[in-house]
1. Treating the Cα atoms of region 113-243 as identical point scatterers in vacuum, please give the log10 of the normalised Debye intensity I(q)/I(0) at q = 0.15, 0.20 Å⁻¹, two decimals.
2. With a 1.4 Å probe and all protein chains left in place, how much of the accessible area of the chain comes from carbon and sulfur atoms, in whole percent?
3. Stretch Tyr185-Ala245 to full length: gain in nm at 0.36 nm per residue minus the Cα-Cα span?
4. By how many nm would the segment from Ala98 to Ala25 lengthen if fully extended, with 0.36 nm per residue of separation less the alpha-carbon distance?
5. What accessible area per residue, rounded to a whole number of Å², is obtained for the chain using a probe radius of 1.4 Å?
6. Between Arg13 and Arg144, what's the calculated FRET efficiency when r is the beta-carbon distance and R0 is 41 Å? Round to 0.05.
7. If you stretched the chain out fully between Asp132 and Cys222, how much longer would it get, using 0.36 nm times the residue separation minus the C-alpha to C-alpha distance?
8. Using a 1.4 angstrom probe on the protein heavy atoms only, could you order Thr164, Thr96 from most to least accessible area?
Amino acid sequence: MPEGDTVRRTCSRLHEALAGRRLLAVELRWPGLSTTNLAGATVVEVASHGKHILIRLDTGLTLHSHLKMEGQWRIERTRAGGPASRHDDVRAVLVTEAWTALGLRLGRLDLVRTAEEQSVVGHLGPDILGADFDAGVAVANLARAGGAIGAALLDQRNLAGIGTIWASESLFVEHLNPWREDLSYDELHRLVERARRLMLAALTQRVDPCVHGRSGRPCQRCGGMIRVARIGPPTRERAMFYCPACQGGLAPGDHGGPLAPRGARRR
């Protein structure tokens with residue numbers, strides 16, 4: 001699933017292509033939205049909150065989407081006769097005079113009043129990449145959540161935008177075991193600020209992972225073996241990469257057996 005930095009870059013591209021432009025044609029290939037007519041509206045801005053995309057229109061409506069695991073927005077030049085891509089993967093088509101935005105394999109699509117965007121993002125914690133990000137609120141949410149800190153970081157209700165990549169990376173850099181449950185306020189605050197710095201850097205430059213996707217490979221810091229284990233509640237477990245030597249031991253249920261090396265993967 002794309003993380004907050006990837007979604008933020010997607011929103012920047014959509015904003016550059018669509019903001020201030022009138023929609024000549026719109027197709028929403030989604031249950032309940034297929035007959036909606038948005039042609040004639042002008043895109044005011046495209047913004048993100050965590051992993052959610054908000055396309056705001058001058059009609060007072062917002063087109064909300066979530067990419068889930070495989071979704072993406074693609075931008076191509078508008079051509080006579082409409083967009084070339086007509087296959088089943090397309091869920092949304094937004095056509096302006098210059099550019100066409102195609103929403104492919106979207107995991108969620110909603111149309112809400114802009115004044116009521118809280119109905120689709122109000123359950124989320126503060127956006128870790130937002131200009132108004134409140135680290136104090138995020139830290140309080142994490143402290144209140146309790147349980148394994150790795151799972152708490154991945155819960156978007158605590159703070160929005162972090163996925164398995166930046167949870168693994170920030171915990172590694174801070175020498176914190178993902179399964180610890182007793183972090184102090186200072187440790188939580190440093191962890192949140194570290195994750196924010198890493199993700200802000202990733203917006204403008206390539207940041208190679210230290211642990212994510214590197215199970216079975218040597219740790220770049222201590223030379224020990226990077227491992228991967230599942231973390232989180234049942235049905236919502238995610239992969240967490242970590243270095244036992246640097247981060248205080250093995251995951252619960254991990255007995256230190258051999259792991260097959262895995263190449264580092266990028267978003």
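1. -0.71, -1.19
2. That share works out to 49 percent.
3. 19.2 nm
4. That pair, Ala98 and Ala25, stretches by 25.1 nm at full extension.
5. Here the per-residue accessible area is 47 Å².
6. On the way: r = 36 Å, r/R0 = 0.87.
According to the calculation, E is roughly 0.70.
7. Details: separation 90, 0.36 × 90 = 32.40 nm, distance 3.67 nm.
Between Asp132 and Cys222, full extension yields an extra 28.7 nm.
8. Descending order: Thr164, Thr96.
The values are calculated or read from the model by the stated rules, or taken from the named source; none is laboratory data. Since the model is a prediction, treat every value here as computed from it, not as a measurement. Counting neighbours? That spans all protein chains shown, and the Cβs are built from the backbone with ideal geometry, glycine included. Heavy atoms of the whole protein, side chains included, go into the accessibility calculation; ligands, DNA and RNA do not. Shrake-Rupley method; radii C 1.70, N 1.55, O 1.52, S 1.80 Å.
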